[in-house]
1. When we measure straight from the Cα of Lys55, which lysines land under 16 angstrom away, once same-chain ones fewer than 8 places off are left out?
2. Subtracting the Cα-Cα distance from 0.36 nm times the residue separation, let me have the gained length for Ser84 to Lys31 in nm, one decimal.
3. Given the options Cys40, Cys78, Gly51, identify the residue whose Cα lies farthest towards the positive end of the charge dipole of segment 38-79 (+1 on Cβ of Lys, Arg; -1 on Cβ of Asp, Glu).
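Please treat every number below as a calculation from the coordinates, not as lab data. As the structure is a prediction and not an experimental result, all values here were calculated from the model. Here the Cβ is made from the backbone with ideal geometry for all residues, glycine too, and neighbour counts use every protein chain on show.
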Amino acid sequence: MKAMTVLVALAVAAGSALAADEKKEPSAAQKAQQEKMSACNAQAGEKDLKGDDRKQFMSSCLGAKPATATQQEKMKACNADAGSKQLKGDERKKFMSECLKASPT
């Protein structure tokens, strides 16, 4: 009976150790935040910022939103692409629709 209890205890301990060793892959949002943090940190280092100046810079850098193209700019770019591909009619409409829905680059 004692041997059975010891085996169960060892199995539970081994399972706990394995679960603790497993690391989940970060999500896309987490990866993006990590990359942003690294970039801001590098910029702060290049500027040799310390103390409150560094904190203020990091706060503004991490809070900055990426620049996005306005609808008019997207329309102009998609129109140019459609023109260079010499698309007409339904093909052009489909291309323009997909192009305008695409996330900005």
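1. Result set, ordered by chain and number: Lys36, Lys47.
2. Net length gain for the segment: 15.5 nm.
3. Final value for the positive-end residue is Cys78.
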